[in-house]
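**Student:** Sending over a structure as structure tokens; questions will come in a sec.
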């Protein structure tokens, strides 16, 4: 399956859902209990949002974000690379970007 598009459809998108899935044949690494398995079933969602100052941030529907993801990003590409790297180290890939 191809990687999802990194570009967002609308410059005005302020709430984007990022769908993730485990990499086939690998066990997800969550030694600190930081990966919410509900992200794989759709029970919980990861949102990328824009605040009033134009900075991007991440938010779960329910629960707390892991510390490395609790930051502000100056643009979409930096946010995308950061979460792709974070989840990639845990054998999880970005399946879809919904805006």
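**Student:** If we keep just the residues of the stretch 79-98 that are surrounded by fewer than 16 Cβ atoms within 10 Å (Cβ to Cβ) and farther than 12 Å from residue 20 by Cα, which is modelled with the lowest pLDDT?
**Tutor:** Selected residue: 89.
**Student:** Considering every residue within the stretch 58-78, establish whether at least one is assigned to a loop (DSSP other than H, G, I, E, B), on the phi > 0 side of the Ramachandran plot and modelled with pLDDT under 95.
**Tutor:** Yes, some residue in the stretch 58-78 is assigned to a loop (DSSP other than H, G, I, E, B), on the phi > 0 side of the Ramachandran plot and modelled with pLDDT under 95.
The values are calculated or read from the model by the stated rules, or taken from the named source; none is laboratory data. This structure is a prediction, so every number in the text was calculated from the model and none was measured. When we count neighbours, we look across all protein chains shown, and the Cβ atoms used for this are built from the backbone with ideal geometry, even at glycine.
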